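The values are calculated or read from the model by the stated rules, or taken from the named source; none is laboratory data. Note that the coordinates shown come from a computational prediction; the quantities given were computed from them, not determined experimentally. Neighbour counts are summed over all protein chains in view; Cβ atoms, including those assigned to glycine, are modelled from backbone coordinates with ideal geometry. These area figures cover heavy atoms from the full protein model, side chains too; ligands, DNA and RNA do not enter into them. Shrake-Rupley method; radii C 1.70, N 1.55, O 1.52, S 1.80 Å.
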Amino acid sequence: MTRLIIHCDLDCFYAAVEIRDNPQYRGKPVIIGADPKKGKGRGVVSTCSYEAREFGLCSGMPISQAYQRCPHGIYLRPTGEKYRKVSKQVMQILKKYSDNFQQAGTDEAYLDLTEICSDFEAVKEIAEIIQDNIYKNLGVTISIGCAPTKSLAKIASDFNKPNGITVFTPNNFKEKLKDLDITKIPGIGKKSKTYLNKKGIKKIGDILKIPLFNFINLFGKNGEWIWKVVNGLDNRKVKEFHEGRKSISAERTFFADTDDFQEVLSKLEDINNKIHKSVTKKNITYKTITLKIRFEGYLTYNRSITLLYHIQDKNIVMDEILKLYGEFSDINKKIRLVGIKLSNLELNIKSRQTNLLSYASVSLT
Ligand code: TTP
Ligand code: MG
């Protein structure tokens, strides 16, 4: 059965809230971020209005560069409290349209409308109602993607921003995807783009032409997930993680500070086993793995890695933890405590004991 999923994402969120509250800024390039100090400022652009994007500005760009490109822009510092309030209000509205709701970030959420819509026509009507409701009540615009999977819905919501509605059906989605740059695939960043471009893969259509196993050969362990996303085979459910729990962690202090690798390893294995029991019992998957390490003298570090894919696999956790541990090899101090934290949690759909091909680490993206 085709699932009917929508992904909703506010347009230039922080900038939109500032423009709503200061109508004199409407139609102007508005940039939210660090103080540009006439081009000498440090820090980055958080976001900017679509008028500012016409000058090539984007999130993450150094504010000094933004100022060079758009010196006449309106530069504002972010006001977090206000955005959190609007985010909450938006989510309250969205939740009304389906119990099958999942907030995915400060300004984005998924809804599964399969139970309440017969086809994509009906989904589009609800999308229009949602846009209307949010604009009338909160004064900001939202773009909505409708598709049979979560990742396709996410790509669709970005397809026609701002204030757009895009429908990808099982029959047309490949046609709509084929000319898009591969960075439109969630999780593909600059590094992966450069790597894939070198292999002759520039557009999503270039992936669609390749059989799964050839793509895995080209792109290693990242390949399977990306191939599945663009072929409409992402079967993740829309599900809010309700336990109010953001992470699962455990840590252990050594009886005496140590620099014995075997001792550290065995402690990490104990911790990993303990956490694994807990996540399997609660049927939880996770995407972010963090190593906590405290050296003698209370010097404490946390190092994380975020995968592209939710997993529930203690072998992968251990592999990643040891890689993170390796980053401390040049610190010549004894260790007092180690800990593991799993976060970015989701309820499991079905046990996803992964093989090495079906997860991807952001170190490549
Ligand atoms: P996004 O949804 O990624 O961006 P956006 O809503 O500003 O623009 P778009 O219309 O393309 O969706 O992020 C939501 C908010 O998160 C954004 O308004 C500001 C904040 N943010 C940052 O502070 N830094 C960043 O690098 C990004 C990407 C977002
Ligand atoms: Mg947004």
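Of all accessible surface on segment 247-364 at a 1.4 Å probe, what whole percent is carbon and sulfur?
Details: 2740 of 5890 Å².
Here carbon and sulfur together make up 47 percent of the probe-accessible area.
Given an 8 Å cut-off on Cα distances and at least 6 residues of separation, report the relative contact order of segment 1-158 as a percent.
Working: 298 pairs, mean separation 52.9, N = 158.
Relative contact order of segment 1-158: 33 percent.
Can you find, among Ile207, Pro36, Val338, the residue farthest towards the positive end of the dipole of the chain? Put +1 on the C-beta of Lys and Arg, -1 on that of Asp and Glu.
So the residue furthest toward the plus end is Pro36.
Taking the chain as a Gaussian network, where each spring joins two C-alpha atoms under 10 Å apart, which residue of Leu347, Leu113, Leu76 fluctuates the most?
Leu76
So, with +1 on the Cβ of K and R and -1 on the Cβ of D and E, and no other charges, what is the size of the charge dipole of the chain about its Cα centre, to the nearest 20 debye?
On the way: 59 positive and 41 negative charges, 116 e Å.
Result for the chain is approximately 560 debye, rounded to the nearest 20.
Please report the antiparallel percentage of the DSSP beta bridges confined to the chain, to the nearest 5.
Among the beta bridges of the chain, antiparallel pairing accounts for roughly 90 percent.
Pop out the carbon and sulfur fraction of the accessible area of segment 2-140 as a percent, whole number, probe 1.4 Å.
On the way: 3370 of 7060 Å².
Percent of accessible area from carbon and sulfur atoms in segment 2-140: 48.
Which value, in Å², gives the accessible area per residue of the chain when a 1.4 Å probe is used on the protein heavy atoms?
Details: 18200 Å² over 365 residues.
Value returned for the chain: 50 Å² of accessible area per residue.
List the GluC sites (Glu not before Pro) within segment 111-158 that DSSP assigns to loop and that have no more than 15 neighbouring Cβ atoms inside 10 Å.
Working: sites: Glu115, Glu121, Glu125, Glu128; in loops: Glu115.
Answer in residue order: Glu115.
Per the Kirkwood formula on distinct C-alpha pairs, the Rh of the chain is how many angstrom? Present the calculation step by step, with values, prior to reporting the outcome.
Numbers: mean 1/r = 0.0441 Å⁻¹.
Radius from the Kirkwood sum: 22.7 Å.
What is the Cα centroid distance between segment 145-165 and segment 22-77, reported in whole angstrom?
26
What is the set of long-range amide H partners of Thr141 at a cut-off below 5 Å, with H atoms built 1.01 Å from backbone N?
Amide H neighbours of Thr141: Asp11.
What are the GluC sites (Glu not before Pro) within segment 3-106 that DSSP puts in a loop, where the Cβ has at most 14 other Cβ atoms within 10 Å?
Numbers: sites: Glu18, Glu51, Glu54, Glu81; in loops: Glu54.
Loop-located and lightly packed - Glu54.
Would you grab the residues whose amide H sits under 5 Å from the one on Leu180? Only those 5+ places off in sequence or on another chain, please, with H modelled 1.01 Å from N.
Amide H neighbours of Leu180: Ile204, Gly205.
Where the convex hull is taken over the Cα atoms of segment 178-233, what is its projected area averaged over directions, in nm²? Can you show the working numbers first?
Working: hull surface 13.1 nm².
Spelled out: convex hull of the Cα atoms, projected over all directions, averaged, 3.3 nm².
Hey, what number do you get for the chain at 222 nm if only DSSP H runs of n ≥ 4 count, each worth -39500 (n - 2.57), divided across all residues, to the nearest 500?
Values: 13 runs with 133 residues, N = 365.
Taking each H run of at least 4 residues, the total per residue is -11000 deg cm²/dmol.
Amide H to amide H under 5 Å from Asp259: which residues, 5+ apart in sequence or cross-chain, H placed 1.01 Å off N in plane?
Ile335
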